[in-house]
Amino acid sequence: MSASQFGPLVIIANSRSGHRQLSRAEAALRDAGLGYRVVLTAGPGHATEAAWKALLDGTRYLVAAGGDGTVHEVVNGMLREDHPVAKDAVLGVLPMGSGCDFVRSFGIPRRAGDAVRHLTGDAVRQIDVGKVTFGTGQVRYFVNIAEAGLGGSVVAKAARLPGRLSSIRYFAGFWMALPGFRRCAARMDVDGHESRWPAALNVVVANCQFYGGGMRVSPKSDPADGALEVLAMTGPKHVACTTLPQIYLGRHLPHRYIAEFRACRVRLDTDLPLPIEADGEVLGTTPATFEIIPGAIQLKI
């Protein structure tokens, strides 16, 4: 086997995402003549450590094989203190598992075997990365979408559901989280301009367009424009139900109960601690600050 022009691939694979899909992807890689090695993750955080160590060892072509959570961890291993560990590193994705919304914004197939053809050739796209700071100064990077409020609660509920539910886990988590969710007053500083709401439901901070198993929540997002799209959902709880079908189609905007912003930095404070998630990973609670790091990652497309 030969290496790609970016060097041999290191495939960082979520060991829980299905060996059958990984086997098909490996067969396709061999057919494409690409040299690779596989690192199977042993638990939460291992993909971040594996990505960081691979870059320090000289690898420049990392492939996240799994769902959005695996991509999230690999990206967090590719950045340190808001800068790439290696500027010439390339990120590839082999979608596997239940949540694969990140790749929808780039036209990458959601089957790992079909996605292998996007790992060949030299086409890359420089994309932005989001940064969220929360708690006592904890930092996580995200490439897709982060949110605080109902969405964070939904992701926490969905994470407890069986993996066999696949893409409907978020939908099921939504109906589990909604009845007990409490809205609260929120204050948001958007690039120095303050907004206040007496009862906030959810705040979406988007780098890409899709989340929750195919919902096109942020149809205006461009992951290479150097900005975040921010959607503050402030209406009564029943509005979350009535807008859900339209969100799947990306037809929910404009909306009287959704305030839209485009920003580089967003500070969110709430009267009650609201759960935060990023790329489908539950992180902590508000207050939180969201920022954009332009062009931080080279994505293989």
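The values are calculated or read from the model by the stated rules, or taken from the named source; none is laboratory data. All values reported here derive from a predicted model rather than from experimental measurement. Because the Cβ atoms are built from the backbone with ideal geometry, glycine has one as well, and the counts that use them run over all protein chains shown.
Computed quantities for the displayed model
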| item | result |
| --- | --- |
| Some residue of segment 221-244 being out of contact with any Cys (no Cβ under 9 Å at 6 or more places or on another chain), in a strand (DSSP E or B) and within 15 Å of S105 (Cβ to Cβ) | yes |
| Selection status of P162, outside the structural domain of G33 (by TED's automatic domain parsing) and free of Cβ contacts under 8 Å to residues at least 12 places away in the same chain | yes |
| Selection within segment 236-270 - closer than 14 Å to A199 by Cα and either surrounded by 13 or more Cβ atoms within 10 Å (Cβ to Cβ) or in contact with a helix residue (DSSP H, G or I) (Cβ under 7 Å, 6 or more places away or on another chain) (or both) | K237, V239, A240, Y257, I258, A259, L268, D269, T270 |
| V204 vs. criteria in contact (Cβ under 8 Å) with a residue 40 or more places away in the chain and assigned by TED's automatic domain parsing to the domain that holds G152 | yes |
| Residue match in segment 132-146 (condition: aromatic (F, W, Y), closer than 26 Å to F171 by Cα and not assigned by TED's automatic domain parsing to the domain that holds G67) | yes |
| Any chance R104 is basic (K, R) and not assigned by TED's automatic domain parsing to the domain that holds T289 | yes |
| Strands (runs of 3 or more DSSP E) within segment 32-111 that include 1 or more residues buried (at least 22 other Cβ atoms within 10 Å of the Cβ) and in contact with a helix residue (DSSP H, G or I) (Cβ under 8 Å, 6 or more places away or on another chain) | 61-66, 90-95 |
| Some residue of segment 48-61 being within 15 Å of the chain's Cα centre (by Cα), touching a residue at least 12 places away in the same chain (Cβ under 8 Å) and within 30 Å of Y170 (Cα to Cα) | yes |
| Qualifying residue in segment 1-14 (condition: more than 16 Å from A296 (Cβ to Cβ), surrounded by 15 or more Cβ atoms within 10 Å (Cβ to Cβ), modelled with pLDDT under 95 and within 21 Å of the chain's Cα centre (by Cα)) | yes |
| Lone qualifier among A186, A227 - being in contact (Cβ under 8 Å) with a residue 60 or more places away in the chain and under 16 Å from the mean Cα position of the chain (by Cα) | A227 |
